[in-house]
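The structure appears right after this line, and notes come after that.
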Amino acid sequence: MVDNGTIVFVAELGAVIAGSWLVSELLIRLITRGAKRAGASADLIRNVREGLSILWVVFVAAWLIIVTGLGSIFSFLTLSGIAGLAISLALQNTLSNIISGILILSDGVLRLHDSVEYSGVKGRVVKIGLRATWVKTDSGDIAIISNNYLANGPLVNFTASERLERKLRL
């Protein structure tokens, strides 16, 4: 027979999971709205939503392991620290490109169809991804430039001068 303490505990677990899901959905929607305003592609928005959903699942799973007593907070923090260090070292360049891509989108430095020049490559932006930006040259070739390189410049944007000058005045 199940006692009342167990029922209350399970109900509390369900309430916390449901509440955290609602908060994560709100956060995902706010970030998605911001990405759409910044002119991000549908693929980029989908990838960000999926990444945030996976992050929520990992946090809930870790929380459940700690709350149910299957693992301690200390062991969780130790393992997550080691895993975070290993992942960050393995993905250092990729993470740098992703962060640069987010900054490029949020700053409004690049938008689709902008005419740009970077390191001798001159053309029109056809895709802005998390890791790289695609530029179609006048000859029809596609140059794929890492966002980290674009963020560190020098990048010349011929079509965004008015838009960027307005940002400088603020």
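The values are calculated or read from the model by the stated rules, or taken from the named source; none is laboratory data. Being a predicted model, the structure only gives us computed values, none of them experimental. Methodologically, a virtual Cβ is constructed for each residue, glycine included, from the backbone with ideal geometry; neighbour enumeration extends over all protein chains shown. Quick note on the areas: whole protein, heavy atoms, side chains included, nothing else; ligands and nucleic acids left out. Shrake-Rupley method; radii C 1.70, N 1.55, O 1.52, S 1.80 Å.
Some values worked out for this structure:
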item	result
Compactness of segment 82-170 as Cα Rg over 2.2 N^0.38 Å, two decimals	1.19
Stretch gain in nm, segment SER20-ASN4, where the contour uses 0.36 nm per residue and the Cα spacing is subtracted	3.3 nm
Net lengthening on full extension, PHE158/VAL126 (0.36 nm per residue, minus Cα-Cα)	10.0 nm
Approximate spin-label separation LEU13-THR94, in nm, with each point projected 7 Å along Cα-to-Cβ	3.3
Reduced Cα scattering model of the chain, Debye log10 I(q)/I(0), q = 0.16 Å⁻¹	-1.01
Share of carbon and sulfur in the accessible heavy-atom surface of segment 87-136 [1.4 Å probe, %]	58
Inter-part distance where segment 56-128 and segment 24-44 are each reduced to a Cα centre, Å	15
Relative intensity, log₁₀ I(q)/I(0), of segment 20-63 from a Debye sum that treats every alpha carbon as a point, q = 0.14, 0.26 Å⁻¹	-0.33, -0.87
Mean residue ellipticity (222 nm) of the chain, computed from DSSP H runs ≥ 4 via -39,500 (n - 2.57), nearest 500	-21500 deg cm²/dmol
For segment 22-134: accessible area per residue (Å², 1.4 Å)	64
